[in-house]
Amino acid sequence: MKTNLITRAGWHKLDEELKHLWKVERPAVTQSVSEAAALGDRSENAEIRK
């Protein structure tokens, strides 16, 4: 069986991406969904901010 290894630099890159997704992207999406819900629109047609 072959073991996949990751370099320290590769791990740091993935860790930074994870932190960005949790601290920046996720709150922005949550805010957008909350605003749409407040307007009564939770459909796929709700305005999406990027």
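The values are calculated or read from the model by the stated rules, or taken from the named source; none is laboratory data. Since we're looking at a predicted model, the values are computed, not measured. FYI the Cβ positions are ideal-geometry reconstructions off the backbone, even for glycines, and counts take in every protein chain you see.
A few comments on the model shown:
- Residue check, E17 modelled with pLDDT of 95 or more, out of contact with any strand residue (DSSP E or B) (no Cβ under 9 Å at 6 or more places or on another chain) and assigned to a helix (DSSP H, G or I): yes
- All of A37, A46 fail the test of being at pLDDT below 85 and in a helix (DSSP H, G or I), apart from A37.
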